[in-house]
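Here's the structure, in structure tokens; my notes come after.
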Ligand code: SF4
Ligand code: SF4
């Protein structure tokens, strides 16, 4: 539901990213595309690359700014080409439960609404 809200309605506040981000090692990637299929943020594309060491000539490429650090890509990568690295930015604390998530979301919506009406 949250990802649908993000992708279909552009509700950026419906997603909280973790304090990690994925990183792909292209020379280990075998171009299977599993990570791209699994990524809920559509942050990974399979592209032709000179860095590819596989027969397909393709590697997985990440758009880091889209990555929320969920790790589902790394978990199933058959060649362990994906690592999760700690972000450099200030740590964010995810909501403890659905209630806290809802309250934060409502606050963000109010602030966004207030910002628009002040323009
Ligand atoms: S799952 Fe691993 S091997 Fe497959 S495309 Fe992604 S990074 Fe490459
Ligand atoms: S960590 Fe999650 S959001 Fe980031 S690339 Fe992997 S599957 Fe996509």
So the FRET efficiency between residue 93 and residue 1, C-beta based with R0 = 22 Å and rounded to 0.05, is 0.50
Mind checking the angle between helix 98-118 and the chain's longest principal axis? C-alpha axes, 0 to 90 degrees, to the nearest 10.
70
Give me log10 I(q)/I(0) at q = 0.12, 0.13, 0.24 Å⁻¹ for region 17-88, Debye formula, one equal scatterer per alpha-carbon, no solvent.
-0.27, -0.31, -1.02
Using alpha carbon centroids, what distance separates region 32-82 and region 3-27, in Å?
14
Would you list 110, 41 from fewest to most Cβ contacts within 10 Å?
110, 41
Length added when fully stretched, residue 79-residue 38, from 0.36 nm per residue minus Cα-Cα:
13.2 nm
Return 101, 3, 9 ranked ascending by Cβ neighbour count within 10 Å, so the fewest neighbours appear first.
9, 3, 101
So how much slack lies between residue 17 and residue 112, counting 0.36 nm per residue of separation and subtracting their Cα-Cα distance, in nm?
32.3 nm
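A short reminder: the numbers here are calculations on the coordinates, not readings from a lab. What you are looking at is a predicted structure, and each value in this text was computed from that prediction instead of being measured. Here Cβ is always computed from backbone atoms with ideal geometry, including for glycine, and neighbour counts include all displayed protein chains.
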